Amino acid sequence: MSATEAGSPSRLFTVPIVVEVGLLVLFAFLLLDTLDPDYRGGWFVSATLLLGLAFLGLVFVRDVTVALWGRPAKPTPAADTGPLGGDDDEALPAADWRTIGDAAATLAGVFACIFVLGVVLGTALAAWVIFIWQSKLNAGKALIGAVLIGIVLPVLFALALDLTLWPGIIPQLIPDWVGGGLVPPL
Amino acid sequence: MEFFAKLPEGLGHLLSLQPLLALIAGTLLGFVFGLIPGLQSITALVVILPFTFGMDPIVAMYLFAGVIGASGQGGSVTAITLGVPGTAQNAATVIDGFQFTKRGEASRALGIAAGTAMLGATFGLVVLLLFIPVFLPFLLYFGPAEIFWIMAFGLVSMSAVLPGPFFKGLFGVTLGIVLSTIGYGGPTIAVARFNFGSSYLLDGLDLVAVIIGLLVVSESLVYLFDRKRAPVLPASERPRMKVQWRAFAAGLIEPARYPGLILRCSAIGTLIGALPGIGGVIAQFMSYNAAYATSRHKEEFGKGSVEGLIASQAAIDAKEGGSLLPTFIFGIPGNGEMALVLAAWTIHGLHPGPFFLSNHADLAWALILGLFVSNLLATGLVLTCSFVAARVPNLRPDYVGLSIIVMAVIAVIAVRSNLWDIALVLAIGLLGYLLGLARISVIGVVIGFILGRLMEFNFYTALQSGLGQLSIFVSSVISVVLAIATAAIIVLVIARAMRRFWAARMARVGLPSGEGR
């Protein structure tokens with residue numbers, strides 16, 4: 001590694017470190033909530049949060065140290081990664097933020113489709129879009145896959161289990177299947 | 001003993017029509033899911049979970065046992081005939097198993113794998129039955145403080161052996177516990193915690209949604225977005241195979257020539273299975289390495305070694321017996337499959353924990369007998385269905401991933417029919433995916449979540465019984481022993497890491513480290 005690379009802040013932008021920061025903030029926020037004088041939820045939760053912060057803090061310090069000043073990963077069991085190091089955690093993965101964005105967008109899209117159109121139509125539409133966008137299938141093949149996974153699969157299970165699938169918030173098109181759903185309180 | 005007195009009743013259930021049909025159906029499903037690369041036994045459990053809600057719990061347990069018992073054998077068929085692990089835990093089977101197929105001895109290898117699986121599963125279940133009477137008398141002395149400590153011990157020891165740094169494992173566990181505290185709870189009068197004004201969160205996070213989200217949806221995202229990890233073998237590279245009955249039969253009895261190896265590797269599988277959170281992959285490779293270390297024919301390993309194949313297969317099937325031990329005795333799930341079994345119990349209103357065996361011995365026997373018979377049936381399936389293994393479809397990873405997400409959605413709808421459970425399972429799935437990228441083990445989060453509420457309940461109950469004095473947690477011999485053991489694990493793991501750190505530092509500056517003296 002060159003001298004300019006070592007210690008560069010851009011090396012901190014790895015998936016593990018960003019996830020750890022997010023979790024540290026979340027735990028600190030929840031801990032503050034439990035330290036409120038009006039909090040009556042018991043100190044078992046506070047103690048657990050405090051322990052979690054301590055464990056994650058140690059991991060975070062180690063990962064930051066390795067990211068800034070560590071040597072490039074090598075598959076030796078005794079690599080110098082600090083006293084908290086593990087056997088198979090030497091190489092921190094390069095941040096693939098696009099993949100993470102794709103995954104988050106996919107799940108959000110699937111839920112949005114289900115919310116609006118219901119499970120049957122929504123999963124079919126989501127599957128069709130994913131097959132075209134992610135799998136690069138042509139529209140016809142994507143439609144076949146979407147019908148199989150998004151319509152046939154849920155309908156078969158719903159009939160077999162006598163389930164009422166969420167029909168979506170659009171006006172009712174097919175009673176009990178598509179449209180006319182009342183959103184439960186959140 | 002009351003538990004063993006229930007054996008005839010368990011056998012009676014096994015021979016009744018509904019449980020037997022459930023077992024056969026579960027075995028077929030588990031075998032097929034094991035056979036198809038990309039599908040796992042836990043995926044099969046998610047598929048059947050909604051069906052079990054309306055079932056008699058005994059019948060549901062036979063269905064679960066069928067899936068759990070047969071998937072390993074299904075996976076080994078694909079591993080041997082195609083060189084692709086049908087399930088993740090069959091990875092080591094490929095190393096030697098596929099070499100047999102390459103030299104035209106697939107039937108022999110399938111026979112060896114099936115014979116070993118039977119012996120391994122039997123060993124695991126026998127060990128389970130031997131250890132239950134050892135533990136049961138102690139359970140009478142388990143009060144809330146002891147239960148709290150056994151859970152703390154289980155979670156810490158699991159963190160010590162999970163892949164990745166120890167403190168990441170511990171953090172995963174605490175994350176699971178924190179997630180379990182969302183909703184009503186507390187020391188005396190239940191109050192709302194971390195619900196941020198949401199009425200949906202008042203009841204807490206749904207157990208099934210959390211387990212399926214973390215273990216299944218997160219994995220489906222890997223299939224959708226990380227194609228390199230999806231196991232696929234082009235049809236053109238598939239070897240043609242024809243089952244040779246004599247070779248299969250000869251292979252079936254071949255493991256009997258290696259009793260020491262079978263015992264050693266089954267013991268490793270059972271032990272690893274009994275440690276919460278440790279999967280079959282670790283059991284298989286530890287067993288394989290142990291076999292290599294003690295073999296007189298090391299040069300054959302990786303080139304179609306009988307010992308290598310036996311070692312990998314014995315561990316997979318022996319681990320199920322081991323994983324039942326913490327599940328039955330303490331309500332601590334041994335692996336992801338057992339986490340779903342516990343979820344099914346909870347949905348049926350049953351309470352896992354130290355008194356489960358006394359109160360529901362019939363369910364325990366259903367799982368034990370079901371696992372044993374399922375392995376027998378799966379051996380028959382290996383014999384009769386292996387010729388179709390070469391024609392197993394290569395499912396597209398994106399089809400697999402999306403189908404799993406749809407199945408997960410249906411499973412959570414079947415529990416409570418709540419729209420927001422769909423959002424929860426997907427959000428938890430994304431969390432699991434991110435945790436996986438950050439190398440934080442999701443199985444630790446799952447087990448922390450399952451045990452979190454029980455730990456908190458027992459913590460406050462113990463405190464109340466001790467009139468608020470923390471000394472209640474070290475007031476019995478069992479508590480003291482468990483507390484010391486928990487602390488010892490933490491100290492030992494840190495000491496080992498420190499020693500390796502300093503050894504590496506010394507090596508860098510060219511000084512002797514003192515290691516190995």
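A few points about this structure:
- Here the protein assembly as shown is assigned +1 on the Cβ of each Lys and Arg and -1 on the Cβ of each Asp and Glu. Its dipole about the Cα centre then comes out at about 1920 debye.
- Residue ranges B:63-70, A:20-27, A:55-62 sort as B:63-70, A:55-62, A:20-27 when ordered by packing (mean number of other C-beta atoms within 10 Å per residue, highest first).
- Accessible surface of chain B [probe 1.4 Å, protein heavy atoms]: carbon and sulfur percent: 68 percent
- The protein assembly as shown - convex hull of the alpha-carbon atoms, volume per residue in Å³: 179 Å³
- Prolate/oblate/rounded label for the stretch B:141-214 (Cα gyration tensor, a/c 1.5): oblate
- Hz values of 3J(HN,Hα) by residue in the stretch B:493-505 - Karplus curve (6.51, -1.76, 1.60), Gly and Pro given as x: 5, 5, 4, 5, 5, 5, 4, 5, 4, 5, 4, 5, 5
- Selection from B:484, B:167, B:24, by position along the positive dipole direction of chain B (Cβ): B:167
- Per-residue shielding of B:397-409, expressed as the average number of other chain Cβ atoms within 10 Å of the residue Cβ, stands at 6.
- Taking both sides together, the accessible area buried where A meets B is about 6400 Å² for a 1.4 Å probe.
- Each of B:85, B:306, B:426 was scored by the projection of its Cα onto the charge dipole of the protein assembly as shown, and the greatest displacement toward the positive side belongs to B:306; charges sit on the C-beta of Lys, Arg, Asp and Glu.
- The dipole here belongs to chain B: it is taken about the Cα centre, uses +1 on the Cβ of Lys and Arg and -1 on the Cβ of Asp and Glu, and is about 1720 debye.
- 10 Å Cβ neighbours from other chains, averaged over peptide A:35-44: 5
- Estimated from helices alone, the mean residue ellipticity of chain B at 222 nm is -23500 deg cm²/dmol (sum of -39500 (n - 2.57) over DSSP H runs with n ≥ 4, per residue).
- Of the residues B:126, B:363, B:380, the one whose Cα sits farthest toward the positive end of the charge dipole of the protein assembly as shown, with +1 on the Cβ of Lys and Arg and -1 on the Cβ of Asp and Glu, is B:380.
- Pairs exceeding 31 Å between alpha-carbon atoms, taken from B:102/B:298; B:298/B:319; B:168/B:298; A:136/B:303: B:168/B:298; A:136/B:303.
- Crossing angle, helix B:144-161 versus chain B [Cα axis fit, 0-90 degrees, rounded to tens]: 40 degrees
- C-alpha long axis of helix B:336-347 to longest principal axis of chain B, angle in °: 50 degrees
- Estimated inter-spin distance, residue A:50 and residue A:32, nm [label 7 Å along Cα→Cβ]: 1.8 nm
- Rounded if a/c under 1.5, otherwise prolate or oblate - the stretch B:410-498, Cα gyration tensor axes: oblate
- Residues losing 40 Å² or more accessible surface upon assembly, the stretch B:39-84, compared with the chain by itself, 1.4 Å: B:51
- Mean accessible surface per residue for the protein assembly as shown, computed with a 1.4 Å probe while every protein chain stays in place, in Å²: 40 Å²
- The alpha carbons of chain B occupy a box of 71, 66, 51 Å along the principal axes, longest dimension given first.
- Rounded to 0.05, the FRET efficiency of the residue A:170 and residue B:53 pair, given R0 = 45 Å and the Cβ-Cβ distance, is 0.95.
- Trypsin sites (Lys or Arg not before Pro) within the stretch B:69-123, DSSP loop, no more than 14 other Cβ atoms inside 10 Å: B:103
- Note on residue B:297 and residue B:130: the model spin-label points, each 7 Å out from Cα along the C-beta direction, lie 2.8 nm apart.
- Average beta carbon contacts from partner chains per residue of A:53-61, 10 Å cutoff: 5
- Ordering of B:359-371, B:324-336, A:39-51 by packing [mean C-beta count within 10 Å, highest first]: B:324-336, B:359-371, A:39-51
The values are calculated or read from the model by the stated rules, or taken from the named source; none is laboratory data. Remember, predicted model here, so these are calculated numbers, not experimental data. Note that each Cβ is placed from the backbone with ideal geometry, even for glycine, and that neighbours are counted across all protein chains shown. The protein model used for the area step is the full one, side chains on, heavy atoms only, and it has no ligands, DNA or RNA in it. Shrake-Rupley method; radii C 1.70, N 1.55, O 1.52, S 1.80 Å.
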